[in-house]
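> I'd like to ask some things about the structure below.
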Ligand SMILES: CC(C)(COP(=O)(O)OP(=O)(O)OC[C@H]1O[C@@H](n2cnc3c(N)ncnc32)[C@H](O)[C@@H]1OP(=O)(O)O)[C@@H](O)C(=O)NCCC(=O)NCCS
């Protein structure tokens, strides 16, 4: 839990505590991945319920960004054996988080909704940011989405 909380703290402000991580990972269907180079550089926390999964959080430490780690984490999660029943993966991302939106789009996620004023901006009391809801259909559900060509969402 300490490692996950430390990685999260390198990627988000405010970071989540060890207790937050313990609560998340105690939920049925939750899964955490850690990306290693010489040392831990990224993480992904997901949760699966029946045929749906959700990316709860994903991050790569600044020094290791733009080297394919985020993409590898998302691919590994989608291909994990525990994900066999899953046909759709959902996530939320802030409308102004352009690197993450580009990563998700490259991984076959498509916009399926908008959540107004979803995120509170740290240090800017009262200011909230909208979130885009994105979905990736896994290949068994929609073969066209396997190579990121899914459209119509
Ligand atoms: C979003 C994040 C996880 C991306 O991780 P990463 O390891 O840097 O991403 P990758 O190197 O795997 O990039 C894969 C693809 O994503 C896109 N991408 C990633 N960073 C990008 C950037 N800064 N600008 C534009 N596109 C970007 C590109 O399409 C890239 O493919 P390419 O290298 O072939 O062009 C990372 O920037 C991060 O941790 N950000 C802070 C935490 C965060 O915002 N998490 C997501 C919350 S929803």
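> Does at least one position in segment 86-107 carry a residue that is touching a strand residue (DSSP E or B) at 6+ places or on another chain (Cβ under 8 Å) and at positive phi?
No, segment 86-107 contains no residue that is touching a strand residue (DSSP E or B) at 6+ places or on another chain (Cβ under 8 Å) and at positive phi.
> Quick check on my filter: what residues within segment 82-93 are under 12 Å from the mean Cα position of the chain (by Cα) and either buried (at least 18 other Cβ atoms within 10 Å of the Cβ) or near the ligand (Cβ under 8 Å from one of its atoms) (or both)?
To start, the set of residues in segment 82-93 that are under 12 Å from the mean Cα position of the chain (by Cα) comprises 89-93.
Across segment 82-93, the qualifying residues are 89, 91, 92, 93.
> Specify which of the listed residues (41, 49) is in contact with a strand residue (DSSP E or B) (Cβ under 9 Å, 6 or more places away or on another chain) and free of Cβ contacts under 8 Å to residues at least 60 places away in the same chain. So that I can check it myself, show each step before the final result.
Numbers: 49 fails: in contact with a strand residue (DSSP E or B) (Cβ under 9 Å, 6 or more places away or on another chain).
One residue alone meets the criteria, 41.
> A further question follows. Quickly run through segment 70-129 and pick out the residues that are in contact with a helix residue (DSSP H, G or I) (Cβ under 9 Å, 6 or more places away or on another chain), part of a helix (DSSP H, G or I) and within 15 Å of residue 59 (Cβ to Cβ).
Hits for segment 70-129 are 70, 71, 74, 77, 99, 100, 103, 104.
> Take the residues in segment 1-20 that are away from the ligand (no atom under 16 Å from the Cβ) and surrounded by 13 or more Cβ atoms within 10 Å (Cβ to Cβ); name whichever of them is nearest to residue 31 (Cα to Cα).
Looking only at segment 1-20, we keep the residues that are away from the ligand (no atom under 16 Å from the Cβ), and these are 1-2, 17-19.
Pick out the ones that are also surrounded by 13 or more Cβ atoms within 10 Å (Cβ to Cβ) and you get 1, 17-18.
On the way: 1: 12, 17: 17, 18: 15 Å.
My answer is 1.
Values in this text are rule-based calculations from the coordinates and carry no lab data. Remember, predicted model here, so these are calculated numbers, not experimental data. When we count neighbours, we look across all protein chains shown, and the Cβ atoms used for this are built from the backbone with ideal geometry, even at glycine.
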